[in-house]
Structure formats: C-alpha cells, structure tokens
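In what follows, a structure is listed as structure tokens, so that the remarks can point back to it.
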Amino acid sequence: MTGKIQNIPQSAVYTYLNSRPEGLNGQEVGARLQEIGPNTLEAARGNWWLKSLVRQFTNFFTLLLDVSAAICFVADYIQPGESMNILGWALLGVSVLNALFSFIQEFRAERAMEELKKFLPRRVWALRDGQNQEIPVEDLVPGDVIALREGDRVPADVRLVECHDLVANNAPLTGEANPVALRTTELDKPLTESENLAFAGCTIMRGSGRGIVFATGFRSQFGRIAMLSRDIPRAISPLEAETAHMVRVLTVIAVAMGLTFFVYGVIAERSLWVNLVFMMGIIVANVPEGLLPTFTLSLAMGSLRMARRNVLVKSLNAVEALGAVHVICTDKTGTLTLNQLAVTQISAPDGSNAGKAANLRCLEAALAACDLEARQDGWAGDPLDEAIARRFGEAGGDIARTIGSNLQRFPFDVEKRRAAGIWQNDKETHFAVKGAWEALRPMIGGFAESGTEVISAANPNRLTAADAAIEKMASEGQRVIAVAYRLLDQHEEDDQPALEHDLVLVGFLGLEDPLRIEVPDAVAKCQTAGIGMIMITGDHPLTAEAIARRAGMVATGVARGEATVTGSQLSSMRSSDVVNSLRAGISVFARTTPEQKMKIVNALHQMDKVVAVTGDGVNDAPALKSADVGIAMGMGGTDVAREAAQVILLDDNFASIVAGIEEGRTIFANIRKFTNYVLVSNGPEIMPYLIYMLCPVPLALTVIQILTIDLGTDIIPSMALGQEKPDPETMQRPPKSRDAGLLTRSMIGHSYGFLGLIEAAFSLGLFFWVLELGGWTWGRELATSDPVYHAATGIALSSILLMQIGNLFGRRSQYGLGIDRAAFSNTLLIIGVTFEAVFSWAILYVPEVSRILGTGPVDGTVYAIAWLGVPLIFLLDYARKRIAWRIAGRP
C-alpha cells in the first residue's frame, strides 16, 4: 500500500487509508493497534547481552586457556607443592580479561539503536472522533489525522491533504539538508522523493498542514533505517580474523604436540605426573599467552595516538582495520562538504563576470525577496535566504538596512517556484523576484548589461545566452537562482501577479554546499596509498559528480556522466552488476537510499575489499555499521551516526582519515614486529621439552619459567615495538590484501626455524655446561631440588631473556640494523631492555626471585658468557637480512 500512496489524488486519500476528515474513532484505533502494533522502534531482543557474554567465554582461545588452567589444578591436586595452581590462576585470569574486553566492545556497539529512538517525538496532536487530542506517539496508527506545525518533528510517515507554506527538512532520511517545499497533489515519483509526503524523524521548518498517517514504527521509512541498523552484524575486522587464524594454528600445533608426546610418555611407561607436566609445558610453550593482552595494550596506545590526531576510536580493532582499508565510501554532505549552503558564483545575464557593483545589486534584489528575521547569532530563515544574506554582507552590503526597507514580502510558492518582495531604495520602490529561471523567463523584458547600469531590451539572442549560462552553471553542480526586478510606479497595486511583467534580469546566483578545503589533498594522498574513493550520496547526480571531480575522485579523461550511477539504476542492478560497475571505475552513486548504500558495501566485500564508510546522518547508520570501519563526523554529525560508527573524526576534517590510515598501517606493521619477537622465544621454550621426552636428561625450563617469559619479560619489549614510529614510505605503498595473514610461513620459519633454534641451542648449551660443571653425567637422574639443577635452569632462562634483547633490536627494521637514534627515543624500549637485563641477573642472584622461579646462582664467568648471546643472535639475524635484501633486488 505504501508504495503507491504518493500517486493517490488528494480527494481519494481518506478513502484509500480507510479514514475520514474527522479522524478515527476509539474502536478503529484499538483494532489497528492490535493488528499493526505501536508506533515505536522498540523490539524485543531478549537477553542479547547474556548471549554475547557466553559467546566471548566460549571462543576457541578462551576455552583453550580454561582447559589448560583446569589441567594445572588437577596436576596440583595430584602432586602439590609444584606451584601448578599459581599457573592455573594465571591462565584463568588471562582468559577472563580477554573475554570481558571483547564483551564490553560489543556492548558499546549496541547503543546506536537507542540513539535512533530519540529522533521521534514523545507526544503528538491527532484528530479523533472530531476532536483534537494529545496522545503518546506510540498510539498513532495508519489512518490517524494529525496536524503539522513549524518546529514539529514528524511522528510517522504521513500523506499530506492540507498545506500552508509547508517546508520540511528531510536530512535524517536522505542526508541532504536542502529544504523541501511540500504539496498535496498526487505525484508520479519514487516514495522518498515525493513532496506530498512527510516522513518520520524529519523536521517541519516552516508553515503548517494536515496529513494522514500511512506507516508507523518499523514500517515507516525511518523505521526501516532503524531495523537495518539493529539487524546488521558487525563485520569481523581484518585483525580479528588474522588473530583468530594465528591462535587456531598455534593451538592446533600445541595440542597436537602435547597429546602426541603424552601418548609417547604413556607408552614409554613414564609416570602420569611427568606426562601431565610435559603436555602442559608443550601447550604453554607453543601458545603465546601474553600476545593477545599485548595486542590489546598496543591497540589501546595506538588509539590514544590517533586521538591526538583528532581520530577517536571506539572499537580497538578498528585501529588496525583503518590501516587495512582498500576503499573509502564517503557521503557528500557534511563529510566532503561543509553542509552549509553558500553563494559561490554571481553571474551576469550572459554568463560573464558582472563586476563588484553589479554583483551587489544582484544580491540586494535577491535579499529583498528573502524572508529573514534578526537573532542574536545573525539572520535566521530558509538556508537559501541565509546564504544570500551572508554573501551580501561579505560583499559590503548593509543587510539590516535592506531588510528594514522591505515593504512587503511574497513567500516562496511551490507551484510558481519563486519568491518576491517590494523594497525601497533611494526613495525608489522596486519589486524583486528570485526563483527558478524557467519560472522567471516568460516575465523578462530587459537585461542588465554586464558591468554597467545599462538595461537592454530582451530578445531571443539574449534569452538564449541566459539559457546557456544557466546550463553551464548547473552542469558544474550548482543550484542556480535567477534574480530580476523592476521599478514600481507609486500608483501600482501591491499584488504579485499584477507586478510580474517587464522584469529586468539582474543575474544568476550559483549556490552550493562548498567542498572542504582539505579534501582534494586528502583524496590525493589516499590514491597515492592505493586506496579507492567512492562517493555515495542522496544528492542530485550532477551536483554529486561535480563535487567528486573537484575533490579529485573521478579519474581524468572520464566523460561527464560516465562515472555516476543513480539510485534508480542501482535498484535494478544485481550484486554482480554492481561489482562490474565498480570494477569499471564508477566512483559516484547519487540519489541512493540506505539499503542501496549497503548494497554497494556488500558488493565491495564480494570483491574482498576492506571497506570504510564515512557519514554524518541518520541515513548513514546502516552503512556505517555494515562496513569494516564506520567513520562518523564528531562535530557536525548526528548521535545516531556516531553510535553506529567505530571511528569518530573529532574535527570533522576529512584529512584526519589519512592520518588515521597511516597510524593504522603503522600499528599493523608494529604488531607483526612484536608477534615475530614473541614467537622467537617459543623455540627455546619448546626444545627443552622435546629433548626431555626423547633423552635421559633433566628438564631445562619449567612451566612457571616459560610463563615468566610469556606473561612477564616479553610484555614491555612487545609494547615498545608497538610504539615504533611510521615508516616514511608507509603511505607510498598499497594496502595489504585481506588474506595477507599475520602469521605467515616466512614468519614461522624465521621465528621457529632460525632465531628460535639459535636461542634454543645457546641456552641449552649453557644449561648442559652448568650441569657438567656441577658433576652431572648423561643419563643420571637429577632431583628438581638439587642446587645444580636450579643453577642450570636459571642460566637457561637468563640467557633466553638476554638473547631477546638482540632479537628486540633486530625486529625494529626489516632489512636494516635496527640500532639508530630513534631506538633510544623510544622510552618503552629502553625500559624493556633494562628490565630484561636486570631481571636476567635477579633470577640468578636475588634469593626472593630465584625461590619463586626455582633457579639458583652460577659463576660470574658463566653469566658473562650468557651476555654473548645478545650480539650473537643480532649479528646472525643481520647477516640473514643482508642476504634477503639482495634476493629482494634492493639497490
């Protein structure tokens, strides 16, 4: 029914909606409420938060940590006194913290729906049983007759049957702030473009009227946006997907190795305790327990750095996702433009530049036909009238004097498409008209000559030249207003139709929402970084493409109109057609609906693109939520857009997006650095357990000592790598592909097969050396309480910590040394190196520490030799870098 409501003649609307001029009666209202439901955006969602909480506590990584903790508690029960219960509580704590953090992020994302409900009024006046009644907005039903007045927020979708100079702002629905003059006659237009309808959530700017409700709640156009915002699942960020993949791979390896050697131990008739300890050691050594907390800390610090660059991040995963973006889908109004109508061009009737004096006369005549009132903060009225007043004042005109000399105003007439006014200037009375050129053209009797006060008679050539001037300005995306006037005799009547003849065309005003000055440069930087730019707007195709061309979003050489697809075209396109149009270079989508914005985002997802969507309006909320990264304007945007988005630009500066992308790319590069750094220590953690299981030797590292590395000493250096500054070439490279994983084969090979083996060989060499110095012989059992064993495990752990210092500096650069001036300006790096160095000594020589970790002192010479591991691992890795440099063909 709603699809044809705009086509129904005014006289038939009551019948079509089963209503009457005196309104519905109580029985009809009750029946319709029962059938259709209340006019509200509330929806029963049950205990969604509980489901979310359960999901976070049952994901793969959390369950693995929980099972590991349970095994630790069982092991402690079987053989108390080995501190396995402490290990269990540590693993359980990491599990709970990660799950709670993920839940909090999801909980915050659900607030967008609450903000949408604020756009509907609380109470409304409706005509029922022939009487005006103030009722809760929830009680409105289709068929209710309601009154609309200036300042009202429309409570439901309404078909108008009575209008008195009624003007609405449909920005919440369309995203475009242009005032819409409403009417009552039937129209053959799409629903959202029909001027005989008022839509829920929109505002009445001027006038009054009456209408009949035809859609309420989620059936209204505004309700459809609310439903889309509610039901769209948040896209998994690239980092989430890559982290999940990495955790699965490492966990499968850890569990497979643990179970394999547990079975081997059973077959070899080792004790259950030995097998459990071994299995736990393998699992704990393979799974980097400290890596995910480090991710969180690194992303949190990255979000703080972004905030200093006016980019506020609500969801930490969006910090990295912003750096992975392939395409930015941007709204026009309020994002690329200032969302403020302005007179940007004043043209003489023949299209030439008329000069300062002529421009002032044109603006004065236009101002005389404006309806403005003085307020403390300036002049208030229709956005068009405000723009004319601003430009008149900037040109040196006296706004108050011109408006004060206004004798009569004729408000804008929707049918006539013009407004007029009579004003007195230098004791002369003038009649001025401003409006559409098509409406003024038949009334033109003269032309003001360019740059002079000479008036020439109208003729076909001059009219044709004026037509050409209009067409040129319109093709540049401007809204063109014609301005004309004539001198009045003192005996003429002040009746508008009688005055509209022999008008002198003064000129044309070109109005537009100006492009933000920072946008072209920001777009150019995005394109240099390999990021595509697409405009998706509800505005007119010509206006949209003109702005896109000025911003540099349309490729050079593309003919006018070939870069644009309209909403009507988009509605008949399949997903594959949208994909093909995007691949063909379409960069502007105009006259789009919220559903169509999502259609474009989904098509980009089919192309394996990471998509960012920018917007500031209610209509942008579904697309903001469906994108990989939703970016809202902080100053000029709506609360709905800000709640639906993951990123907010605090200064509404589009260039801040570029800063955010650079920061995001840097963060991902740094995450790869510290992931590589952390995984290197897995090698020397795993190797002792393999040797222990296969050979008759003592265990070189205990589980508690492994956790000391993973959850202790590796954390600060990892955070330091997360603080590294951007590479100068970061924004010169294309974005990484969606399937470019965090854990690559080359990283696994480098971490486990190269540096991990070096650390394992060196630390185990020192371990067996200390055992030999203490009198141990191959194959002899050694009690875990023996001081020799404590000294040997202590030097193994200490040497791993020291070699991680060399590894730390090596990870700072892919091909270079990694030791430079910038390294020593990284405070966390200095703290991390100092901590590892001091702690490597403390675990050997501070009784309180060695008692907890089961370590003991060694001879000073042995400890000094352990320090040789730092240059050893650093120089061997640098030699590998130089070989890789030559293989890569670098100069």
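In order along the stretch 749-755, the phi-based Karplus estimate (6.51 cos²θ - 1.76 cosθ + 1.60, θ = phi - 60°) of 3J(HN,Hα) comes to x, 5, 6, 8, x, 10, 5 Hz; Gly and Pro are listed as x.
Based on the Cβ-Cβ distance from Asn25 to Ser208, what FRET efficiency comes out when R0 is 22 Å, to the nearest 0.05?
With a Förster radius of 22 Å, E is 0.30.
For the stretch 120-267, dividing the convex hull volume of the Cα atoms by the residue count gives 182 Å³ per residue.
Between Val266 and Arg780, the contour length at 0.36 nm per residue exceeds the Cα-Cα span by 182.9 nm.
Here each label is just a point 7 Å from Cα along the line to Cβ, and for Leu817 and Glu415 those points are 8.6 nm apart.
Size of the stretch 520-622 from its Cα atoms: along the principal axes, largest to smallest, the extents are 31, 28, 28 Å.
Computed about its Cα centre, the charge dipole of the stretch 689-803 is approximately 320 debye, with only Lys, Arg, Asp and Glu carrying charge at their Cβ. Taking the dipole about the Cα centre of the chain, with the C-beta of Lys and Arg at +1 and of Asp and Glu at -1, give me whichever of Ser11, Ile667, Pro411 is farthest to the positive side. Farthest towards the positive end: Ile667.
Annotation: amide H of Leu24 within the under-5 Å range of Asp129, Val145, sequence separation 5 or more or interchain, hydrogens built in the peptide plane.
Across the stretch 372-418, Cα-Cα distances exceeding 15 Å account for 51% of all pairs. Let me know the longest stretch in the chain that avoids all chymotrypsin sites (Phe, Trp or Tyr not before Pro) found in a DSSP loop with at most 14 other C-beta atoms within 10 Å. With a cap of 14 other Cβ atoms within 10 Å, the longest stretch comes to 1-777.
Trypsin sites (Lys or Arg not before Pro), restricted to the stretch 201-274: which are DSSP loop and have at most 16 other Cβ atoms within 10 Å?
Working: sites: Arg206, Arg210, Arg219, Arg224, Arg230, Arg234, Arg248, Arg270; in loops: Arg234, Arg270.
Counting only loop positions with at most 16 other Cβ atoms within 10 Å, the trypsin sites (Lys or Arg not before Pro) in the stretch 201-274 are Arg270.
Annotation: extensible slack from Ala380 through Glu471 equals 29.7 nm (criterion: 0.36 nm per residue apart, minus Cα-Cα distance). Among rounded, prolate and oblate, which fits the stretch 343-428 when a ≥ b ≥ c are the square roots of the eigenvalues of its C-alpha gyration tensor, a/c under 1.5 means rounded, and a/b larger than b/c means prolate? The shape class here is rounded.
Quick check on my link table: of Lys51/Lys736; Lys314/Lys625; Lys434/Lys472; Lys609/Lys736; Lys609/Lys725; Lys189/Lys597, which ones sit more than 22 Å apart, alpha carbon to alpha carbon?
Details: Lys51/Lys736 34 Å; Lys314/Lys625 13 Å; Lys434/Lys472 19 Å; Lys609/Lys736 10 Å; Lys609/Lys725 26 Å; Lys189/Lys597 20 Å.
Flagged as over cut-off: Lys51/Lys736; Lys609/Lys725.
Mind checking the per residue accessible area of the stretch 395-445 for me, 1.4 Å probe, whole number of Å²? Intermediate values should be presented prior to the final figure.
Numbers: 2470 Å² over 51 residues.
Accessible area per residue: 48 Å².
Taking the Cα centroid of the stretch 379-412 and of the stretch 767-804, what is the distance between the two, rounded to the nearest whole Å? Centre-to-centre distance over Cα atoms comes out at 90 Å. Using C-alpha pairs below 8 Å separated by at least 6 residues, the relative contact order for the stretch 543-687 is 13 percent. Look at the dipole of the chain built from charges on Cβ: of Trp273, Ala181, Ala551, the Cα furthest out on the positive end belongs to Trp273. When the convex hull of its Cα atoms is viewed from all sides, the stretch 296-338 shows a mean projected area of 3.7 nm².
Relative contact order for the chain: what is it in percent, counting Cα pairs under 8 Å that are at least 6 residues apart? Please report the intermediate quantities before stating the final value.
Values: 1706 pairs, mean separation 108.0, N = 891.
Over the chain, the number comes to 12 percent.
From the C-alpha gyration tensor of the stretch 571-706, pull out the three semi-axes of the equivalent ellipsoid (sqrt of 5λ each), sorted largest to smallest, in whole Å. All intermediate terms of the calculation are to be shown ahead of the outcome.
On the way: eigenvalues 454, 83, 35 Å².
Working through the eigenvalues yields semi-axes of 48, 20, 13 Å.
The slack in the chain from Val54 to Glu193, taken as 0.36 nm per residue of separation less the alpha-carbon distance, amounts to 45.5 nm.
Modelled label positions at Asp129 and Val252, each set 7 Å beyond Cα in the direction of Cβ, lie 7.1 nm from each other. Could you please state how large a percent of the accessible area of the chain is carbon and sulfur, counting protein chains only and using a 1.4 Å probe? So the carbon and sulfur contribution to the accessible surface is 57 percent.
Simple rule: put +1 on each Lys or Arg Cβ and -1 on each Asp or Glu Cβ in the chain, find the dipole, and look at Gln732, Gln340, Ala760; the Cα lying farthest toward the positive end is Ala760.
With the simple spin-label model, which puts each label point 7 Å out from Cα in the Cβ direction, the Gln424 to Asp608 separation comes to 7.7 nm. Amide hydrogen proximity for Val161: with H placed 1.01 Å from N in the peptide plane, the residues at 5 or more positions away or on another chain lying under 5 Å are Arg210, Gly211, Ile212. Under 5 Å between amide hydrogens, built in the peptide plane, is the criterion, and for Met205 it picks out Gly151, Val167, Ala168, Asn169 among residues at least 5 positions away or on other chains.
Note: the stretch 775-819, Cα convex hull, 107 Å³ per residue. Cut-off 19 Å, label point 7 angstrom out along Cα-to-Cβ of Ala837: give me the residues of the stretch 696-729 whose amide nitrogen falls inside. 713-721, by backbone N distance to the label point.
When the helix-only estimate is applied to the chain (DSSP H runs of n ≥ 4, each -39,500 (n - 2.57), divided by the residue count), what is the mean residue ellipticity at 222 nm, nearest 500 deg cm²/dmol?
Numbers: 36 runs with 426 residues, N = 891.
Calculated mean residue ellipticity at 222 nm is -15000 deg cm²/dmol.
Each Lys and Arg adds +1 at its Cβ and each Asp and Glu adds -1 at its Cβ; summed about the Cα centre, the chain shows a dipole of about 2160 debye. Pairwise alpha-carbon distances in the stretch 414-554 exceed 26 Å for 41% of all pairs. The tail of the calculated P(r) for the stretch 743-863, taken as Cα-Cα distances beyond 20 Å, holds 52 percent of the pairs. Please compute the Cα-Cα pair-distance distribution of the chain with 20 Å bins starting at 0, giving whole percents from short to long. Reading upward from the zero bin: 13, 34, 27, 17, 8, 1, 0.
Measuring nothing but how far apart in sequence close Cα pairs (under 8 Å, 6+ apart) lie, relative to its length, the stretch 741-891 scores a relative contact order of 30 percent.
The values are calculated or read from the model by the stated rules, or taken from the named source; none is laboratory data. Just so it is clear, the model here is predicted, and its values are computed rather than measured. Don't worry about glycine lacking a Cβ; one is built from the backbone with ideal geometry, like all the others, and counts go over all protein chains shown. Protein only, heavy atoms only, side chains kept; ligands, DNA and RNA dropped before computing areas. Shrake-Rupley method; radii C 1.70, N 1.55, O 1.52, S 1.80 Å.
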